[in-house]
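Engineer: This is the structure I have questions about; it appears just below.
The values are calculated or read from the model by the stated rules, or taken from the named source; none is laboratory data. All values reported here derive from a predicted model rather than from experimental measurement. Quick reminder, even Gly has a Cβ in these numbers, built from the backbone with ideal geometry, and neighbours come from all protein chains shown. For the accessible areas, the whole protein counts, side chains as well, though only heavy atoms, and no ligand, DNA or RNA atoms are used. Shrake-Rupley method; radii C 1.70, N 1.55, O 1.52, S 1.80 Å.
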Amino acid sequence: MNRLGLLIVGDYALATGEDRHLSAVSRALAADSAALEFATLVPADPVAIAAALHDALQRPHPVACFGGFGQQSDDFVCASMEALQQGRAEVGLPPWPEATVAGVRQVGSVALLPGQPARAHGKFLAWWQVVRGTLAESTLPSEHVPWSLPATPRADAARRALRIEHPLVRQRLVPDAQGGVRLQLTGPSRGKTEAARKALQRLLAAR
């Protein structure tokens, strides 16, 4: 079963116990027979937000974070995420991978969404449609190869060659539990996936 975590940033829900994001997300997950792993209300406090985001980045499943966007000094979520990325760099760890998925900024497996329901819920649904498809692929055989960022020219060339040699095997960079990055290979069968992993290792070792 697909799982999703939820962070709701802001003081309104904490003060009133009312929130429109939780009900909207719950309906979307119920329609997909997916599970809500957790839902956390986070005050509009930079320290609390940073702690919640740090926890979310360690989770093995995607997390949707609503709210916390503001103007300049009130933009707590983005500022906290940048501080977390900087902190990793300062201790020699690679940054969490960043991407734009269906128009939504995603850091690691955490999607950063606005707090206004009229804007946020449509963005969430578009993002979730993409992410749940990726989660469905997790039932297919996968192989993992340790990876370094930034990638070397040889590594980039090896990935391009692998796409030509094994077009049915999808390549994706994913974070690991130690804060590093791995290249995940997902194919239609165990044999094809293992063959792609061996081919990649051969390409990387070639001089």
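Engineer: What accessible area per residue comes out for the chain, rounded to a whole number of Å², with a 1.4 Å probe?
Structural biologist: 53 Å²
Engineer: Place a point 7 Å from Cα of ALA31 in the direction of its Cβ. Which residues in the stretch 114-131 have their backbone N less than 17 Å from it?
Structural biologist: Correct set: 117-131.
Engineer: What translational diffusion coefficient, to the nearest whole µm²/s, does the stretch 106-207 have by Stokes-Einstein, given a Kirkwood radius computed over alpha-carbon pairs, a temperature of 25 °C and 0.890 mPa s viscosity?
Structural biologist: Rounded to a whole number, D works out at 160 µm²/s.
Engineer: Still on this structure, please answer the following. Could you tell me what a quarter of the Cα convex hull surface of the chain works out to, in nm² with one decimal place?
Structural biologist: 12.8 nm²
Engineer: Of GLY87, GLY103, LEU162, which is farthest towards the positive pole of the chain's charge dipole, taken about the Cα centre with +1 and -1 on the beta-carbons of Lys, Arg and Asp, Glu respectively?
Structural biologist: With unit charges placed on the Cβ atoms, the residue in question is LEU162.
Engineer: Among VAL130, VAL77, VAL91, which one moves the most in a GNM of the chain with springs linking Cα atoms closer than 10 Å?
Structural biologist: VAL91
Engineer: Here is a follow-up. Using unit Cβ charges (K, R positive; D, E negative) and no other charged atoms, how large, in debye to the nearest 20, is the dipole of the chain about its Cα centre?
Structural biologist: With Lys and Arg at +1 and Asp and Glu at -1, about 1300 debye.
Engineer: Quick check: at a probe of 1.4 Å, how many percent of the accessible area of the chain sits on carbon and sulfur atoms?
Structural biologist: Its accessible area is 55 percent carbon and sulfur atoms.
Engineer: Here is a follow-up. If you count, for each residue, the other Cβ atoms within 10 Å and average over each peptide, how do 29-39, 146-156, 50-60 line up from highest to lowest?
Structural biologist: Ranking the peptides 29-39, 146-156, 50-60 by packing returns 50-60, 29-39, 146-156.
Engineer: Jot down the radius of gyration and Dmax of the stretch 1-112, Cα atoms only, both in angstrom.
Structural biologist: For the stretch 1-112, the Cα-based Rg and Dmax read 14.1, 43 Å.
Engineer: For the pair ALA151/GLN178, report the inter-label distance in nm, with labels modelled 7 Å from Cα in the Cβ direction.
Structural biologist: In this crude spin-label approximation the distance works out to 2.1 nm.
Engineer: Between rounded, prolate and oblate, where does the stretch 105-156 land on the alpha carbon gyration tensor, with a ≥ b ≥ c its root eigenvalues, rounded for a/c under 1.5, else prolate if a/b exceeds b/c?
Structural biologist: Because a/c hits 1.5 or more and a/b fails to exceed b/c, the stretch 105-156 counts as oblate.
Engineer: How much FRET efficiency would the formula 1/(1 + (r/R0)^6) give for TYR12 and ALA206, where r is the Cβ-Cβ distance and R0 is 45 Å, rounded to 0.05?
Structural biologist: It comes to 0.20.
Engineer: Is it possible to state the helix-based mean residue ellipticity at 222 nm for the chain, with each DSSP H run of 4+ residues giving -39500 (n - 2.57), the sum divided by total residues, to the nearest 500 deg cm²/dmol? What is it?
Structural biologist: After summing the helix terms and dividing by residue count, I get -14500 deg cm²/dmol.
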